[in-house]
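Written below as structure tokens is the structure these notes are about.
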Amino acid sequence: MKLVFAGTPEVAVPSLRALIGSGHEVAAVVTRPDARSGRGRRISASPVGEVAEAEGIEVLKPARAGDPEFLARLEEIAPDCCPVVAYGALLPQPALDIPRHGWVNLHFSLLPAWRGAAPVQHAVLHGDDITGASTFRIVKELDAGPVYGTLTEAVRPTDTSGELLGRLSVSGAELLKRTVDGIASGQLEPVEQPADGLSYAAKLTPSDAELDFTLPALRVDRVARACTPAPGAWTTFRGTRLKLGPVTPVTDADTPDLAPGRIHAGKKHVLVGTSTHPVALGEVQPQGKRSMAAVDWARGVRPTEDDRLGA
């Protein structure tokens, strides 16, 4: 088939590469416009755009997917199918109507669970044991189209959202390729999503990422892992923001009993109290400084008995 692939971030790159090597024709790539990124805040192409340009594939960067010039060019290309992975913008009905086999999205959950912008983060946040990925035909309603195929992936106890999404991006690329193959052969038909098991995964904001040490250690651990790498878990120390990496609940019998937010700095670890048992800090990043091991941070700030993390 003739394909137009839509995607933007690094997580979409494995799928683009899989389709380029699939035997189908990737006639063009649609991605978000160039934006500022990195420490220097330089304007640069998206990861998907960079790969497409390196492969000599036409790159379309509409400000809106409903722009008349974009729709006209899509009509000219006349794709049979448009695979999508994390494109990052809504597709209006005139765009959806152009490819004869529609737009086929790779979504990182087992639909209808975790429809929405942050399915992997919510799987980690809510302690799901199993998650996965689904390919489905895009319809007007959010992530509600009929499903072509799924795969499952275990959520490991120490998984961050970034680690889990990294694995799903690779296995999902193969699922998307096989879905496109099945559509091309005429042997694959989508199945409507069941009514049961529906849940939504709203984008996590910086306010969602603030760690509350008055909650149980299990909850603190899940929030920290769900928000790594983005939007980034954080707390406050002496009135300034302190960014935190994943934490580790500690249940050893000789672990000190700490009040919520209370800091115990040892030679090998830094513990913080919660409403249940303490958690050990991993990487920390004080405001305006580089990331460092928690023991190195504590050695510099020398927390006292009066110091607390959080409000």
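The values are calculated or read from the model by the stated rules, or taken from the named source; none is laboratory data. Everything numeric here is computed off the predicted structure, so don't read it as measured data. Don't worry about glycine lacking a Cβ; one is built from the backbone with ideal geometry, like all the others, and counts go over all protein chains shown. Heads up: the accessible areas ignore ligands, DNA and RNA and are worked out on the full protein's heavy atoms, side chains in. Shrake-Rupley method; radii C 1.70, N 1.55, O 1.52, S 1.80 Å.
Just checking: which of the strands (runs of 3 or more DSSP E) contained wholly in segment 195-253 hold 1 or more residues that are hydrophobic (A, V, I, L, M, F, W, C) and farther than 16 Å from residue 287 by Cα?
247-249
Taking segment 251-294 on its own, how many of its residues are among the charged types (D, E, K, R) and over 30 Å from the mean Cα position of the chain (by Cα)?
Selection size over segment 251-294: 6.
Hey, any hits in segment 292-300 for a residue that's open to solvent by 10 Å² or more (accessible area, probe 1.4 Å), without any contact (Cβ under 8 Å) to a residue 24 or more places away in the chain, of a type outside the set (D, E, K, R) and assigned to a helix (DSSP H, G or I)?
yes
Conditions: (1) more than 30 Å from residue 185 (Cα to Cα); (2) out of contact with any helix residue (DSSP H, G or I) (no Cβ under 7 Å at 6 or more places or on another chain); (3) at pLDDT 95 or above. Residue 20 meets all but one. Number of the miss?
Only one criterion in (1) more than 30 Å from residue 185 (Cα to Cα); (2) out of contact with any helix residue (DSSP H, G or I) (no Cβ under 7 Å at 6 or more places or on another chain); (3) at pLDDT 95 or above is unmet by residue 20, namely (1).
If you check residue 27 against the conditions, is it assigned to a strand (DSSP E or B), touching a residue at least 12 places away in the same chain (Cβ under 8 Å) and surrounded by fewer than 22 Cβ atoms within 10 Å (Cβ to Cβ)?
Criteria met by residue 27.
In segment 150-166, which residues are in contact with a Lys or Arg (Cβ under 9 Å, 6 or more places away or on another chain) and either closer than 16 Å to residue 114 by Cα or crowded, with 19+ Cβ neighbours inside 10 Å (or both)?
153, 159, 160, 161, 164
Within segment 263-290, count every residue that is hydrophobic (A, V, I, L, M, F, W, C) and under 18 Å from residue 306 (Cα atoms).
Of the residues in that region, 5 qualify.
Inspect all residues belonging to segment 266-278 and state whether any of them is part of a strand (DSSP E or B) and open to solvent by 30 Å² or more (accessible area, probe 1.4 Å). I'd like the intermediate steps shown before the answer.
Filtering segment 266-278 down to residues part of a strand (DSSP E or B) leaves 270-273.
Next, only the ones that are open to solvent by 30 Å² or more (accessible area, probe 1.4 Å) stay: none.
Within segment 266-278, none of the residues are part of a strand (DSSP E or B) and open to solvent by 30 Å² or more (accessible area, probe 1.4 Å).
Which of the residues spanning segment 240-262 are surrounded by fewer than 17 Cβ atoms within 10 Å (Cβ to Cβ), β-branched (Val, Ile, Thr) and closer than 21 Å to residue 311 by Cβ?
240 - this is the single residue of segment 240-262 that is surrounded by fewer than 17 Cβ atoms within 10 Å (Cβ to Cβ), β-branched (Val, Ile, Thr) and closer than 21 Å to residue 311 by Cβ.
Please go through segment 260-279 and give me each residue that is without any contact (Cβ under 8 Å) to a residue 24 or more places away in the chain and closer than 16 Å to residue 216 by Cα, ordered by number.
Matches in segment 260-279: 271 only.
Take the conditions surrounded by 15 or more Cβ atoms within 10 Å (Cβ to Cβ) and touching a residue at least 12 places away in the same chain (Cβ under 8 Å) and apply them to residue 179. Does it pass?
Judged against the criteria, residue 179 is a match.
Pairs needed: first member in segment 183-201, under 17 Å from residue 83 (Cα atoms); second member anywhere, surrounded by 10 or more Cβ atoms within 10 Å (Cβ to Cβ) and acidic (Asp, Glu); C-beta distance under 9 Å; at least 6 residues apart or different chains.
183/80; 184/80; 188/181
Within segment 279-291, take every residue that is modelled with pLDDT of 95 or more and polar (S, T, N, Q) and give me the one that is surrounded by the fewest Cβ atoms within 10 Å (Cβ to Cβ).
Step by step, filter segment 279-291, then rank; the result is 291.
Residue 88: at pLDDT below 95 and either over 12 Å from the mean Cα position of the chain (by Cα) or over 17 Å from residue 226 (Cα atoms) (or both), yes or no? Let's see the steps before the verdict.
Values: at pLDDT below 95: yes; either over 12 Å from the mean Cα position of the chain (by Cα) or over 17 Å from residue 226 (Cα atoms) (or both): yes.
Taking the combined requirement at face value, the residue satisfies it.
Here are some residues: 95, 6, 45, 52. Which one is of a type in the set (A, V, I, L, M, F, W, C) and either open to solvent by 20 Å² or more (accessible area, probe 1.4 Å) or modelled with pLDDT under 95 (or both)?
Residue meeting the stated conditions: 45.
What residue, among those in segment 55-82 that are open to solvent by 90 Å² or more (accessible area, probe 1.4 Å) and not basic (Lys, Arg), is farthest from the chain's Cα centre (by Cα)? Before the answer, list the steps.
At the first step, the residues of segment 55-82 found to be open to solvent by 90 Å² or more (accessible area, probe 1.4 Å) are 55, 64, 68-69, 75-76.
Retained after the next criterion (residues that are not basic (Lys, Arg)): 55, 68-69, 75-76.
Working: 55: 25, 68: 30, 69: 30, 75: 31, 76: 33 Å.
That would be 76.
Looking only at segment 103-133, count every residue that is free of Cβ contacts under 8 Å to residues at least 40 places away in the same chain, open to solvent by less than 20 Å² (accessible area, probe 1.4 Å) and not β-branched (Val, Ile, Thr) and tell me the total. Before the answer, list the steps.
Kept after step one, since they are free of Cβ contacts under 8 Å to residues at least 40 places away in the same chain, are these residues of segment 103-133: 107, 128-132.
Right, trim to open to solvent by less than 20 Å² (accessible area, probe 1.4 Å) and you get 107, 131-132.
If we keep only those that are not β-branched (Val, Ile, Thr) as well, we get 107, 132.
Residues in segment 103-133 being free of Cβ contacts under 8 Å to residues at least 40 places away in the same chain, open to solvent by less than 20 Å² (accessible area, probe 1.4 Å) and not β-branched (Val, Ile, Thr): 2 in total.
Residues are listed down the side, and each one gets a yes or a no for (1) outside any strand (DSSP E or B); (2) of a type in the set (Ser, Thr, Tyr):
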| residue | (1), (2) |
| --- | --- |
| 73 | yes, no |
| 84 | no, no |
| 101 | yes, no |
| 105 | no, no |
| 121 | yes, no |
| 131 | no, yes |
| 145 | yes, no |
| 150 | no, yes |
| 153 | no, no |
